[in-house]
1. Do we find a residue being of a type in the set (Asp, Glu), open to solvent by less than 10 Å² (accessible area, probe 1.4 Å) and either touching an Asp or Glu at 6+ places or on another chain (Cβ under 8 Å) or over 25 Å from Val66 (Cβ atoms) (or both) anywhere in the stretch 255-273?
2. Six or more apart or on different chains, Cβ under 8 Å: which pairs go from a residue in the stretch 307-331 that's within 17 Å of Gln180 (Cα to Cα) to one that's open to solvent by 10 Å² or more (accessible area, probe 1.4 Å) and among the basic types (Lys, Arg)? Could you list them?
3. Does Gly485 satisfy the criteria of being free of Cβ contacts under 8 Å to residues at least 40 places away in the same chain and either surrounded by fewer than 23 Cβ atoms within 10 Å (Cβ to Cβ) or of a type in the set (Lys, Arg) (or both)?
4. Give me the pairs: first residue in the stretch 240-251 and more than 12 Å from Thr219 (Cα to Cα) and in contact (Cβ under 8 Å) with a residue 24 or more places away in the chain, second residue among the hydrophobic types (A, V, I, L, M, F, W, C) and open to solvent by 60 Å² or more (accessible area, probe 1.4 Å), beta-carbon distance under 9 Å, and six or more apart or on different chains, which are they?
5. Would you mind listing the helices (runs of 4 or more DSSP H) fully within the stretch 164-270 where at least 1 residues are in contact with a Pro (Cβ under 6 Å, 6 or more places away or on another chain) and at pLDDT 95 or above?
6. Pull out all pairs, ordered by first then second residue, where Cβ-Cβ is under 6 Å, the residues are six or more apart or on different chains, the first lies in the stretch 651-673 and is modelled with pLDDT under 95, and the second is part of a strand (DSSP E or B).
7. Which ones in the stretch 575-633 are among the aliphatic types (A, V, I, L, M), open to solvent by less than 40 Å² (accessible area, probe 1.4 Å) and assigned to a strand (DSSP E or B)?
Amino acid sequence: MTSTAEPELGRARKRKEDARLITGRTRWTDNMALPGMLHLAILRSPVAHARITAVDTESARKMPGVRAVLTGQDVADEQGSLPCAWPITEDMKSPDAPSLAVDTVNFAGEAVAVVAARSAAEAHDALDAIEVDYEDLPVVLDITAAATDESPLVHEDLGTNRSATWTFDSAAAGTGGDVQQALDDAEVRVDRTFRQQRLIPAFMEPRSVVVDPTGEQFTMWSATQVPHILRLMIAMNLGVPEHKVRVIAPDVGGGFGGKLQVTPEEFIAFLLARRLGKPVKWTESRSETMVSAHHGRDQVQRLSISARRDGTVTGLKVELLADMGAYLRLVTPGVPILGAFMFNAIYKFPAYHFSCTNVFTNKTPTDAYRGAGRPEATFGIERMMDELAAELGMDPMEVRRKNWIGRDEFPYDTVAGLTYDSGDYEAATDRAMELLGYDSLRQEQAERRRRGDTVQLGIGISTFTEMCGLAPSRVLGSLSYGAGGWEHAAIRVLPTGKVEVVTGVSPHGQGHETAWSQIVADRLGVPFEDVEILHGDTQSSPKGLDTYGSRSLAVGGMAVVSAADKVIDKARTIAAHMMECAEDDVEFTAGSFGVRGTDRATALGEVALAAFAAHDLPEGVEPSLDADATFDPENFSFPHGTHLCATEVDTATGRVRIRDYVCVDDVGTVVNPLIVEGQVHGGLAQGIAQALFEEAVHDESGTLTTATLADYLVPSAADLPEYVTDRTETRATSNALGVKGVGEAGTIASTPAVVNAVVDAIRHFGVDDVEMPCSPQRVWRAITGARASGQTAPESGGGMGSMEGSGSRGGNR
């Protein structure tokens, strides 16, 4: 065994997993083919709200290749209800959520029947032969109307469309003052209502599941982010002994929160496999993704901010309506509540009130989508800081500087009850302004306005933070979350000195195999190439809470560090015995144990072989160096950054062009700069997509009209600008690695930066908001004042065309 010559942490290694992912040498769930396997196709409701009065499956059962046709009535006694693991209040109303609708359908796209056939084509052909009679019920779509007492009901038995109201008040919590008093006493008060449109996660690999019943054992392959949670939910909700279920998440092609779910289709596949005693497979079409996989965002935000004339903020009040869709999925109710801790952001509000009412509608259920609650909060507060600056006639950056937490004030207890451990907002902002050429652009903006140019310039700011590394179990417990937040890892040192790392996190494109290998290579002093990462199989990796919320490195990575340290401790005892010295005299450096003050040494690999042979071990020492560990941090981590966006808005057409985009992020210690850069780029694309392109649109009957990728406008690389990125670094104090998390930062920060830039470009026309996505039509109507931008028909954005790059001013591109 040789030691590593160069530190791995901080090294920009290319991802080791990409060799198989890019060349197509991996095996996705849909590639699975088992002997005797049947294929499933699911009939979905074409209507948003109706009673099912009759279902005739006889003709379908007689179709070629068909082996079974099941309806909700057929499995009513065994399908249970899909789980919701986050009851945010004791009185939260949660309807039964069958995987196959039994007597009513509550959104267009809900599963009604399933066909199992010898081939996928035969299964889909048989769907056409199933006859379903529906009796229409009133359709509830508008969230504001749905929250009123006069609204028709989505679920009659609940007696209301309001699922729950969750409130945080700083005066009651003892973290701040009375916000109503602050608003009443305000020298300046700004009230705004913003809308977070409904979004649809567009992961690269469609959802797919295979279930193989072998004797009493069930093996499920699923394109999921959460194999451990999936196994637990199957056991608890379908009455299967947990130890008889094995869930495997093979390589998974993206998730963005969209696969942080226990899906109806996973339950349906399990039920079919159990009933038929044969392996079954279901893989969705893209349109099925759009109508039936959970959606994201969808809020109405009413915000009030109070301040003194000098720009000092004195209070913030947030009132939300959050659209749950027709059912509560795995963490649906808690997603908007995560925002409660982030609306105050990096600012020193002395008083704060947050209230969120979750509302049912006849739309696809919502749940986590990249950032989950934090993008919504960051958008709201960053838009409000710009609006406050406009009201005061101040530069929006100056308002922020006046109110943010100074670098010398950490750790800082926020008005929302969190403790920010570290940060330096000044450094990130100063660097971002330098890279953008902020002052020069402000001068150009003023000149364009003076000339009355057709194309106006806008500068948008987003100085954000987020809480990530979703973990502290005690905090999650205090929020009634149904699980803990710890993470597990195990390290096996093989007799040849090679190392296997078992991790409880479950990657779906993040690059964990590379980052984890770098951590272990550094910690154990073994070559990067000698480390293998095992994940995503509940049999080989029995403990874990999976991947979401930028938690993998800050929590899972720390579990790996702890396990590695245990390996060293175990090996030290054996090494001392081998070198016939006291254990206290042994020091470990770069993969080798040496006797302090001598040249006697033995490598970790030699110790591993000695432990394997077990011919001469110290008394009471087991013949293994293997170790495992769990890690549950005391606090979240808080990455932050400053994102600046310069847009050019054609006032004649409403067309928006992003001219420059600069971001300086602080994600703590960086394990692999190349992976961090990729995460930031991907996050920016999704945040900009919300600002300018994407929106799930329903017609008046509840039919999703953006149910294909031709209608739902996911931007391509040609639609996005060139980014200038850079980093500052303040270490997290909540973990020994000093890492903070980066998976969601770009998405959280970029949306308000872009929208602020659009509004800034046309504010002198009297515009103070443009609803997202800021399509040419919406922008043009806002400028012309023909009617408020929100009164235009819902639409996907677009029309930007390709972006032109800007000149180099340093940073990374």
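1. Yes: one or more hits.
2. Ala307/Arg189; Thr312/Lys402; Val313/Lys348; Thr314/Arg308; Val318/Arg302; Glu319/Arg302; Leu320/Arg302
3. Details: free of Cβ contacts under 8 Å to residues at least 40 places away in the same chain: no; either surrounded by fewer than 23 Cβ atoms within 10 Å (Cβ to Cβ) or of a type in the set (Lys, Arg) (or both): yes.
It is false that Gly485 is free of Cβ contacts under 8 Å to residues at least 40 places away in the same chain and either surrounded by fewer than 23 Cβ atoms within 10 Å (Cβ to Cβ) or of a type in the set (Lys, Arg) (or both).
4. Every condition considered, the pairs that remain are Pro250/Trp28; Asp251/Trp28.
5. The helices (runs of 4 or more DSSP H) meeting that bar are 227-238.
6. Short answer, once both residue conditions are applied: none.
7. Hits for the stretch 575-633 are Val586, Val595, Ala603, Ala627, Ala629.
Yes or no, residue by residue, for (1) at pLDDT 95 or above; (2) among the small types (Gly, Ala, Ser); (3) open to solvent by less than 30 Å² (accessible area, probe 1.4 Å):
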position: Glu729; (1), (2), (3): yes, no, no
position: Val754; (1), (2), (3): yes, no, yes
position: Ser775; (1), (2), (3): yes, yes, yes
position: Pro794; (1), (2), (3): no, no, no
position: Met800; (1), (2), (3): no, no, yes
position: Gly811; (1), (2), (3): no, yes, no
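The values are calculated or read from the model by the stated rules, or taken from the named source; none is laboratory data. Note that the coordinates shown come from a computational prediction; the quantities given were computed from them, not determined experimentally. When we count neighbours, we look across all protein chains shown, and the Cβ atoms used for this are built from the backbone with ideal geometry, even at glycine. Heavy atoms of the whole protein, side chains included, go into the accessibility calculation; ligands, DNA and RNA do not. Shrake-Rupley method; radii C 1.70, N 1.55, O 1.52, S 1.80 Å.
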